[in-house]
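Peer 1: Mind looking over this structure? Questions follow.
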Amino acid sequence: MKYLNFLSEIPAELSLMVQLIFGLLGLVSIGLVSVGKVKPTWNLSELKLRTKSWWFMSAVFLAAILINHKISFIALAYLSFLAFREMYSLMDFRSVDRRAIFWA
């Protein structure tokens with residue numbers, strides 16, 4: 001269990017939250033693989049892509065926490081900006097409203 005030694009560097013509450021997030025992602029990944037084997041006709045590609053992106057975001061945030069707590073705030077802000085940008089591109093706004101919504 002030497003590889004889990006890095007979790008002793010972060011507070012217990014945060015460690016529990018990280019374990020829950022990665023445990024939940026693991027269960028979802030196993031579930032997607034299982035459903036894909038049982039029902040190969042189902043199209044699960046979008047769910048698999050979203051799960052991969054959540055794995056990536058969680059890994060980036062965990063790395064930021066382990067490097068420095070202040071960097072984790074910057075990483076969270078960056079991830080939030082990426083999510084906002086994705087939502088912003090999918091929504092159909094008038095060109096007049098785009099700038100106000102971006103700055104808000």
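Peer 1: What value in Å³ per residue do you get for the convex hull of the alpha-carbon atoms in the chain? Don't skip to the end; give the middle numbers.
Peer 2: Numbers: hull volume 12.6 nm³, N = 104.
Per-residue hull volume (Cα only) is 121 Å³.
Peer 1: Sticking with this one: To the nearest 20 Debye, how big is the dipole of the chain about its Cα centre, given +1 on the beta carbon of each Lys and Arg and -1 on that of each Asp and Glu?
Peer 2: 280
Peer 1: Additional query: Could you run the Karplus curve 6.51 cos²θ - 1.76 cosθ + 1.60 with θ = phi - 60° over region 37-48 and give me ³J(HN,Hα) per residue in whole Hz, x for Gly and Pro?
Peer 2: Values, residue by residue: 6, 6, 10, x, 7, 6, 8, 10, 5, 5, 5, 5 Hz.
Peer 1: Which percent of the accessible area of the chain is formed by carbon and sulfur heavy atoms (probe 1.4 angstrom)?
Peer 2: Heavy-atom surface of the chain belonging to carbon and sulfur, 1.4 Å probe: 70 percent.
Peer 1: Moving on to the next point. Once label points are set 7 Å from the Cα along Cα→Cβ at both Ile21 and Ala77, what is their separation, rounded to one decimal in nm?
Peer 2: The two pseudo-label positions are separated by 1.8 nm.
Peer 1: Over the chain, average the accessible area per residue using a 1.4 Å probe and give it in Å², no decimals.
Peer 2: Here the residues of the chain average 83 Å² of exposed surface.
Peer 1: Could you work out the relative contact order of the chain, using alpha carbon pairs under 8 angstrom and six or more residues apart, expressed as a whole percent?
Peer 2: So the answer I get is 21 percent.
Peer 1: For Tyr88, tell me the accessible area in Å² from a 1.4 Å probe, rounded to the nearest 10.
Peer 2: 40
Peer 1: Per residue of region 59-73, what does 6.51 cos²θ - 1.76 cosθ + 1.60 with θ = phi - 60° give for ³J(HN,Hα)? Whole Hz please, x for Gly and Pro, Karplus curve as stated.
Peer 2: Taking θ as phi minus 60°, the curve returns 5, 5, 5, 5, 4, 5, 5, 5, 6, 6, 5, 5, 5, 5, 5 Hz for region 59-73.
The values are calculated or read from the model by the stated rules, or taken from the named source; none is laboratory data. If you're wondering where the values come from, they're calculated on a predicted model, not measured in any experiment. Don't worry about glycine lacking a Cβ; one is built from the backbone with ideal geometry, like all the others, and counts go over all protein chains shown. Protein only, heavy atoms only, side chains kept; ligands, DNA and RNA dropped before computing areas. Shrake-Rupley method; radii C 1.70, N 1.55, O 1.52, S 1.80 Å.
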